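What follows is a short report on a single structure.
Computed from the coordinates by the stated procedures, all read-outs in this text should not be read as laboratory data. Predicted model, so just to flag it, every value in this text is computed and none were measured. When we count neighbours, we look across all protein chains shown, and the Cβ atoms used for this are built from the backbone with ideal geometry, even at glycine.
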Amino acid sequence: MGLTDKEKRVKYTTVSIPLTLYNRIKKLIEGTGFTSVSQYVTYVLREVVASHEESKYEEPFTEEDKQKIIEKLKKLGYI
């Protein structure tokens with residue numbers, strides 16, 4: 001996985017991780033398309049951040065969850 005033209009133009013900063021974690025990641029990406037630990041970590045962080053951003057817009061409870069809560073409240077006499 002080489003850098004795209006867009007990635008080459010992006011400004012970067014440094015983030016520190018424990019050396020033991022760095023070495024584990026380095027071993028993990030051997031034989032994959034990732035050419036560096038930084039590239040892999042960037043990929044993983046993008047996935048995690050995107051997942052958290054998506055979860056902000058999801059309802060915290062499903063309709064089934066809501067019905068279970070209502071039933072419990074009824075059984076407890078609150079509704």
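For the chain, what mean projected area does the convex hull of the alpha carbons give, in nm²?
9.6 nm²
Suppose the chain between K66 and T35 were pulled fully straight at 0.36 nm per residue; how much longer would it get relative to their current alpha carbon spacing?
Gain on extension, K66 to T35, equals 6.5 nm.
What size of dipole, in debye to the nearest 20, comes out for the chain about its Cα centre when the only charges are +1 on Lys and Arg C-beta atoms and -1 on Asp and Glu C-beta atoms?
Dipole size: approximately 320 debye.
Taking the Cα atoms only, what angle lies between the long axis of helix 19-28 and the longest principal axis of the chain, rounded to 10 degrees?
Between the helix axis and the principal axis of the chain, the angle is about 90 degrees.
Based on the mean of other Cβ atoms within 10 Å per residue, sort peptides 23-30, 35-42, 48-55 so the most packed one is first.
35-42, 23-30, 48-55
Rounded to the nearest 0.05, what FRET efficiency do K11 and H52 have when you use their Cβ-Cβ distance and R0 = 22 Å?
For K11 and H52, the calculated efficiency is 0.45.
How high is the FRET efficiency between L21 and Y78 when r is their beta carbon distance and R₀ equals 35 Å, given to the nearest 0.05?
E between L21 and Y78, to the nearest 0.05, is 0.15.
Say the dipole of the chain comes from +1 at the beta carbon of Lys and Arg and -1 at that of Asp and Glu; which of Q67, I79, L19 then lies farthest toward its positive end?
L19
Pairs on different chains or at least eight residues apart, Cα atoms closer than 30 Å: how many lysine pairs in segment 5-75 fit?
Summing the qualifying lysine pairs gives 14.
What list of ³J(HN,Hα) couplings, whole Hz, do you get for segment 56-69 from phi and the Karplus terms 6.51, -1.76, 1.60, once you set θ to phi - 60° and write x for glycine and proline?
Each residue of segment 56-69 in turn: 5, 9, 8, 5, x, 10, 6, 4, 5, 4, 4, 5, 5, 5 Hz.
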